[in-house]
Structures are given as C-alpha cells and as structure tokens.
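As structure tokens, the structure follows; a few thoughts come after it.
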Amino acid sequence: MNRISSIALASLLVVSLGAGAQTPGPAATAGSAARGKTTFFRVGCHQCHGGEAQGSPYSTAPKLGPAALPFAAFTLFTRKPRLQMPPYSPEILSDAELADIYAYVTSRAAPVALDKLPN
Amino acid sequence: MSQSDEVSKGRRSFLLQAAATGAGAAAAAATAAAAQAPTPPQGAASPGASPSASPSVSEVRSEGRPGSDYMVDVLKSLGFEYICANPGSSFRGLHESIINYGGNSRPELITCMHEESSVAMAHGYFKAEGTPLPVMAHGTVGIQHASMAVYNAWCDRVPVYLILGNTLDATMRQPGVEWVHSVQDAAALVRDFTKWDDSPVSLQHFGESAVRAYKMAMTPPSGPVVIVADTELQEQPIHSDRTLVIPKLTPPSPPQAESGAVTELARLLVEAEQPLFIADRLARTPAGLERLVELAELLQAGVVSTIPNLMPPVGAGRMNFPTRHPLNQTYRSNAAIAAADVIVGLEISNFFGATNIFIDQVERTTRPAIRPDAKLITLNSTDLIQKANYQDFQRYAAVNMALTGDGEATLPSLIEAVRRLLTDQRKSTFERRGKALAEASAAARERFRGDAALAWDASPITTARLAAEIWEQIRKEDWSLVSGGLSGWPVRLWDFTKHYQHLGVSGGSGIGYGAPAAIGAALANRKHGRLSVNIQNDGDLMYAPGVLWTAAHHRIPVLTIMNNNRAYHEEMMHVQRMSNRRNRGVDRAHIGNEIDNPGIDYAKLAQSMGWYAEGPISNPRDIGPALKRAIAVVKRGEPAMVDVMVQPR
C-alpha cells in the first residue's frame, strides 16, 4: 500500500546524473533496485542516510552502499538498530522490501576519484 | 552660530573622538592585556575622559534639549557602530536623536523588519566583531517578538544590548495604543535569560545604568542586558539646572581560575597518557584560538572542537582550533574520547553529553563514552551565570575537578604551569603521542573525503558536493562562514584557521537565527573586506525573510547559498521515530514537515527585495559558475543568493 502522495514522492526522488550510477552492484539478494528505490524513499531511509544512501555526518547515519554490510547483518541492523536509528519491524517493512532496499543501496555509484574534491 | 549650537557641536565632536578611542578600542585592549595583566591601565583613554575634565566624568550641558540627546551621547561614548530597530513610537524620541542630533553615525540606524531579526543581527555581529550592537524595541510587542532571539544569545553567551521603549507614568500615556504598548516591568519577560536589566527613572540614572549594562554584558560569562528608556525621559527637555555626566566605562578583566587548581590541572595534564581537550565556547577572541593551539602543541594533546554530529552539536559554539591541525581529533571524536585518560572540557555546558552516549529508543538510556578510569575536568565560567528556569545548563556532569573561571583568560597561566612541569622524558613521550594523533586525524580526514566523493553527481545535490563546490570558489578569498552547518561538511572539507571563519551555532537552537545572524556578521565583516558566506537553511529563512531587504537596503555584502531541502527534516526524523516505535509505518511523516507543494522560489523572494539571485539549481555542475557570478556581485558590495536543491542530509 503506497500512502505517500505522488507529488510529495516526486519532490523527494533522487535522479542520478552520473554515468556510472546505474551499474548494478553485487546481486546478494533477489531484490529489485528499482522497487527498492521507491521503498527507500517511502519508508524514509533517505531522511537520515541520504537519497543515494551516501550517509551523513549530521544525522550520524553512515553510508549504506555501494559497499554494504552482508545482507543478514543489514537486515539485523534494520530490525534492531544499535543506537539512534529507529527500528523497522517486519510489519512496517517486509523482508522482501528490505531485500529490494538492499539491491538499491548496493547498486549505487562508486565514489568519484578523490582528486575531484578541492583540497 | 548660537552659543548652544557651539556647545552642542563641540561636545558632539568630542564624543565622536571619545567613541573612536572608547569602549570598542578599550575592550579590545583589555582583552589583549587580560592575558598578561589583570589590572586595567589607570587613566587610559576612556569614553568620559577629556583633556580638561576629571578622568572619570565629562560634562554635558543641558539647555532645552531633549533627554534622548543625552542618551545618544551615552551610546556614542560606548562606541557602538550601529543600532538595529524596527521603528516604534515608544522610542521615537531616541530614534529622532540618533538620526538628527547624532548625525546617524556611530551608531548608524539599521532598519530591521522584525525584532527577532534585530537581535539575531546583533548576535551575529558580536561574534564577528567582538563588540556589542544595540537594539531598540518596544517594551511590550517588540521584546515579545525579540524574545526567542534573546534566548539564543543567552545560551550562546553573547552580549546583546537591548534598549526598550516604555511609558511608565500612566497619566502621560495617550489613550489607546500607548496603553497596550505600556508595561510595569518591561524586562520581566526576558529576565530569566538576560544577565541584567534596569528601568532608570532619571537621565543620570539612565547614563549610569547604560554604562553598567555594557560592562555587565561584556564581563565573561557574557550575556544579553536590557535598559528601559522611558518615553518621558526621552522626550522631556533636559532640566537646565542639572549637569549630566557620562560615567567612565572601565572594561573589566575576566575572572581566572584559582591558581592552585590551575597548577593541579597542569600536573594531571603533564602526567596523562592520553589527555584530550573538548572546547566549546572557549575562544571569545582570536587569542583564545592561539592559546589553545599553544597548549595542545606543548602537550601534543588531542583537541575536539565543533562536533557537529552530536545532537545537539557539542563544541560548535566558537572557532577554537584549526580544522586541519594534526592534533585536531574532531573527526574521530568518539575514538578520541573513548581513549582519553584525562578529558578537559573548556567552556562547555554539555560536558555530560560529550562524555556519555544517550540512546533515544523506547527506553531512553545512557552509557558512558569514556574509560572507567578517565579523569574528567571542567574549566568553565558558566557556573557564574546559571539561573533556574530555563535548562540550558544541561545535565549535571560528575567531574574530578571543576575550575571556575573564564577559559580563555585562564589558558595563559595553565600554559605557564605546564611549561614549569615539563621534563625531557615527558617531551619525548609527547612527541610520540603527537605523531600517532596526527596519523589518526589524517586517516579520519581521508575517510571523510572518501564519503564526500559518494553520490557526487546526484540530484538533488549532496550536502558534501555543495560544500566542496563552495570551497572551490572561496578558498583563495579572505572568507568567513557567518552561518550554516551544511550537515557538518564545511568543517570537514574546508581549511578553517582563523577565529572569524566559523561563528558557531545559535545557542538555543531557536530556528530563525541563521539569516539575520549571518547578515549581522556580514555587517561587521564589511569593513574588514571579508567575503561573508552564509549557508542558509530554507526553514530558517522563512521565519523572518524581511532581513533580506535589510541587507539590500544597507548594502551589506553577503553570499547566501540556499540549503534548499524542502522540509523540516530534523522534525521529520522525530516523527519517523515515533511512527516506527508505534509500528505504524513512516509513510506519512512528511505531513506537517515538508516545505513543498508549492516549493518556495527563494531566488524570486530575494530578487523581490533587491538581491541578485539565481536558482533553483539541481545539476551539481551548475553550482560553480553560479557561485562565481554571485561572488562578483558580493565583491561589488551587494548581497547575492544562489538557491541549490539539496538532499535531506
């Protein structure tokens, strides 16, 4: 059931302009990255981890991909977080949806070369 | 020229001269001198001194002029450059005296569109300049508007100088609005979060209290003060049978911690294996930063300052330590705090939060973030100023030693005490420790650069990419980040070395601080030729966007980059937390939190108030060229905005 308004969702969607962004990551699960992206935004992972799962020092939410924890650890953490992250029970985020999210975060673009950053 | 004209003109030029060498200069001199000599110089240039008068007072003749002229003389003697106000009838007399009698110069009137903006401008101005900026407001509706900003200044230890108009004598009030704009005790509303106030009943009383208020505000721990300017005092002529004097201001020397405790702290630091400093509102002046660098280098000890990833941010109060200094352990603060055997909190209220981990789950729990044998020490002036009602003093931290005194003023004697205890053997241990800390901080920095390189081309643009793009454009300029944290990326990616490059946070986390504080700081930076950079949160700007007009009207150059993420994301996270906890899903957490549908066109908003503005920009490649164009405008002396669509975090 998708309860978010399509306008709100559209305003939050992240489109990657990078050429490498669509490169699929390691297929650790049978999840769908496209569905995972929608779920990632619908259940608000992006609020703390960023739309590209890039992490943020402000919310202390770490990057989730493209190199990710093994799926089992990823699931365990999402269900029973260690510190500040709100827990996601299977009632509000099913195992299948979590697998989709995993497919999304592991298929994010690799970081650019550090020399792109001004020193 | 009539005799009284002559008197007035002569006195005015004297006062202007006094102002130039007066409070501002004397305050700076006192701060510098405080490090070495606690006693202020006798007979030094003072606002009240004149070649012929006694050193403590100056005469002000009083022939038929209004009381507010004398008030202006007092304000001039204190060296104020500007005065902020949204106009109000309860200080019409003072307003008129400032612009006509005072020549609208020192202080020059800055037109504000909200009293909260006036106070926040004064707040930002002080942190860039080191001297207060007064604000005029109605004693009723004006201070009611201003009160949140006063609370921010209180929490941030900033001396905002408030002058409130009021008519105490009920028989003198015009029926109607003047009654609803009158109050028995105007300062009562903010007394819980101001340092001092008075409601003078004579002009001489006003003069003495105005000078006392300045002194109280500036004595560390600093804080806001209130002086009520009664309308009758402002508007009635000065009685010719009275001679008014302007009292001399002697800038106070700040309190230092007791010498025995300083020696004991030095011993602990020299003997420690992993000493660590956590600095928050330590560096009141550039000297504070220099002294902390000296102390850290002497001991080769780590420093944590400006930790933007703790909630609330710990140590983000002032620019205490260069961000790229090898001893800066901020980017690995958890590890540094966990490893330390002696932790010294310098002018930090939230020492408990810095040394414990608080977990906001269903059951709220706390566990220590430190070694069980770690010794905790505080050097704070905050204990000298606490009040009961508002809880900005934070949770009680059980420490091994609590030194009461101003941190910056105490550092020189602490440095001397450490020097006396140094041995060659300890020095070689320190050297090894310094090398290890330098390696650890360099590794942490590389990790952050790696994280910043993620999602580089994403749109909406990542906060890291925006910080990097801004840095690329400003790094060769004399820049000052006047407001805006941008998720903590600037302090990670930019090279902050100077005191004015980071002005810290609001204090009370009262939203609406960012835009006016930035413009107040930019006003101070203007004469120094600094490029003021404001990274502006969208929600913050919408509290009182009229301050954009103030910047355009007074030609205050500031580069504003909109951190446009279209929601109150902090609050969104809280609602998510509640929704998950109650197992209801977070799909609707945007309700009541988004600033969208319609999205706000900030460039148009700014343009409508006379700004150069571009955006919204959603392709990261467009940021650099837009910033270049905006910086060219700012260098011409005007404000400019670039609106950028960014990620939530």
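Every number in this text was worked out from the coordinates using simple rules, so none of it is lab data. Being a predicted model, the structure only gives us computed values, none of them experimental. Note that each Cβ is placed from the backbone with ideal geometry, even for glycine, and that neighbours are counted across all protein chains shown.
For the ranges B:269-275, B:171-177, B:631-637, B:160-166, what's the packing order if you count other beta-carbon atoms within 10 Å of each residue, average per peptide, and put the highest first?
Highest-to-lowest ranking by the protection proxy: B:160-166, B:269-275, B:631-637, B:171-177.
For segment B:280-390, give the magnitude of the charge dipole about the Cα centre (Cβ charges: +1 Lys/Arg, -1 Asp/Glu; no others), in debye to the nearest 20.
Once rounded to the nearest 20, the dipole reads 160 debye.
Sort largest first and round to whole Å: the equivalent ellipsoid semi-axes of the protein assembly as shown, each the square root of five times a Cα gyration tensor eigenvalue.
Those come to 48, 32, 23 Å.
Please list, in chain and number order, the residues 5+ apart from B:V646 or on another chain whose amide H is under 5 Å from its amide H, with Hs placed from the backbone.
Here the answer is B:I461, B:N564, B:N565, since their amide H atoms fall under 5 Å of that of B:V646.
Normalised by the number of residues in segment B:509-648, what is the relative contact order in percent for Cα pairs under 8 Å and 6+ residues apart?
Over segment B:509-648, the number comes to 28 percent.
Which whole number gives the average, over all residues in B:89-98, of C-beta atoms from other chains lying within 10 Å of the residue C-beta?
Other-chain Cβ atoms within 10 Å of each residue's Cβ, averaged: 0.
What dipole magnitude, in Debye to the nearest 20, does chain B give about its Cα centre under +1 on Lys/Arg Cβ and -1 on Asp/Glu Cβ?
For this selection, approximately 1500 debye.
What residues qualify as long-range amide H neighbours of B:T111, i.e. H under 5 Å apart, gap of 5 or more or another chain, H built at 1.01 Å from N?
Those lying under 5 Å, H to H, from B:T111: there are none.
Over 23 Å between Cα atoms: which of A:K80/B:K375; B:K127/B:K604; A:K63/B:K604; B:K498/B:K635 fall into that group?
Too far apart for the 23 Å limit: A:K80/B:K375; B:K127/B:K604; A:K63/B:K604.
From other protein chains only, count the Cβ atoms within 10 Å of every residue's Cβ in B:459-471, then give the mean.
Average neighbour count from other chains, rounded to a whole number: 4.
Percent antiparallel among DSSP beta bridges with both residues in chain B, to the nearest 5?
Rounded to the nearest five, the antiparallel share is 15 percent.
May I ask you to derive the relative contact order of chain B, considering only C-alpha pairs under 8 Å and at least 6 residues apart, and to give it as an integer percent?
Averaging sequence separation for qualifying contacts and normalising by length gives 13 percent for chain B.
Please list, short to long, the whole-number percent of alpha-carbon pairs of chain B in consecutive 10 angstrom bins beginning at zero.
3, 15, 24, 25, 19, 10, 3, 0, 0
In whole Hz, with x marking every Gly and Pro, tabulate ³J(HN,Hα) for segment B:507-513 from phi via Karplus 6.51 cos²θ - 1.76 cosθ + 1.60, θ = phi - 60°.
Once θ is set to phi - 60°, the couplings for segment B:507-513 become x, x, 6, x, 5, x, 6 Hz.
Multiply the residue gap between B:N400 and B:S105 by 0.36 nm, knock off their C-alpha separation, and tell me the result in nm, one decimal place.
101.1 nm
B:F358 versus B:A632, label points 7 Å from Cα toward the beta carbon: distance in nm?
About 4.9 nm separates the two model spin labels.
I'd like the Kirkwood hydrodynamic radius of segment B:259-450, using the inverse of the mean 1/r over distinct C-alpha pairs, in Å.
16.8
For segment B:60-108, run through the GluC sites (Glu not before Pro) and keep only the ones in DSSP coil with at most 15 other Cβ atoms within 10 Å of their Cβ.
Of the GluC sites (Glu not before Pro), the ones in loops of segment B:60-108 whose Cβ has at most 15 other Cβ atoms within 10 Å are B:E63.
Using the charge dipole of the protein assembly as shown (Lys, Arg: +1 at Cβ; Asp, Glu: -1 at Cβ; taken about the Cα centre), state which of B:L531, A:A68, B:I631 has its Cα farthest towards the positive end.
Projecting each Cα onto the dipole axis, the largest value belongs to A:A68.
With each label point set 7 Å from Cα along the Cα-Cβ vector, what nm distance links B:Q391 and B:S89?
With each label point 7 Å from Cα toward Cβ, the separation is 4.2 nm.
Just counting partner chain Cβ atoms within 10 Å, what average do the residues of peptide B:566-575 show around their Cβ?
3
Of all DSSP beta bridges located in the protein assembly as shown, what percent are antiparallel, nearest 5?
Restricted to the protein assembly as shown, the bridges split so that about 20 percent are antiparallel.
With viscosity set to 1.567 mPa s and temperature to 4 °C, compute the Stokes-Einstein D of segment B:64-251, Rh being the Kirkwood radius across alpha carbon pairs; µm²/s, no decimals.
Value of D from the Cα-based Kirkwood radius: 81 µm²/s.
Sort B:330-336, B:345-351, B:443-449 for me by packing, meaning the mean count of neighbouring Cβ atoms within 10 Å per residue, highest on top.
Averaged packing, sorted descending, gives the order B:345-351, B:330-336, B:443-449.
Quantify how much of the Cα-Cα distance distribution of segment B:453-645 extends past 23 Å, in percent.
For segment B:453-645, the share of Cα pairs beyond 23 Å comes to 42 percent.
List the aspartates and glutamates whose alpha-carbon lies under 20 Å from that of B:K427, not counting same-chain residues fewer than 8 positions away?
Partners found: B:E264, B:E271, B:E273, B:E294, B:E297, B:D341, B:E416, B:E439.
Give the relative contact order (percent, whole number) for segment B:371-419; include only Cα pairs under 8 Å separated by 6+ residues.
47 percent.
Suppose we take every Cα in segment B:222-285 and form the convex hull; what volume per residue is that in Å³?
153
Output wanted: per-residue J couplings in Hz (rounded whole) for segment B:420-428, from phi through Karplus 6.51 cos²θ - 1.76 cosθ + 1.60, θ = phi - 60°, x for Gly and Pro.
Working through the residues one at a time gives 4, 9, 6, 10, 4, 5, 5, 4, 6 Hz.
Which percent of the Cα-Cα distances in segment B:298-400 go past 23 Å?
Tail fraction, whole percent: 27.
Could you go through segment B:250-263 in sequence order and give the Karplus-derived ³J(HN,Hα) for each residue, using 6.51 cos²θ - 1.76 cosθ + 1.60 with θ = phi - 60°, rounded to whole Hz, and x for Gly and Pro?
10, x, x, 8, x, x, 9, 5, 4, 5, x, 5, 5, 5
Under a plain spin-label model, where a point goes 7 Å from the Cα along Cα-to-Cβ, how far apart in nm are B:K498 and A:A72?
So the two model labels end up 5.6 nm from each other.
What number, in nm² with one decimal, is the all-direction average of the projected area of the convex hull of the alpha-carbon atoms of segment B:339-496?
The number I arrive at for segment B:339-496 is 14.6 nm².
Where the only charges are on Cβ atoms (+1 Lys, Arg; -1 Asp, Glu), what is the dipole of segment B:344-487 about its Cα centre, to the nearest 20 debye?
620
Please order B:V491, B:V344 by the number of other Cβ within 10 Å, starting at the fewest.
Placing the least packed residue first, the sequence is B:V491, B:V344.
Among rounded, prolate and oblate, which fits segment B:447-546 when a ≥ b ≥ c are the square roots of the eigenvalues of its C-alpha gyration tensor, a/c under 1.5 means rounded, and a/b larger than b/c means prolate?
Note, shape of segment B:447-546 comes out oblate.
Largest first, please: the extent of the C-alpha atoms of segment B:90-196 along each principal axis, to the nearest Å.
Taking max minus min along each principal axis of the Cα atoms, segment B:90-196 gives 43, 36, 23 Å.
Between B:N356 and residues 5 or more places away or on another chain, which pairs have amide H atoms under 5 Å apart, with H built 1.01 Å from N, and which residues are they?
The answer is B:A369.
Hey, could you grab the Kirkwood Rh for segment B:130-190? Inverse mean 1/r over distinct alpha carbon pairs, Å, one decimal.
So the Kirkwood estimate lands at 12.5 Å.
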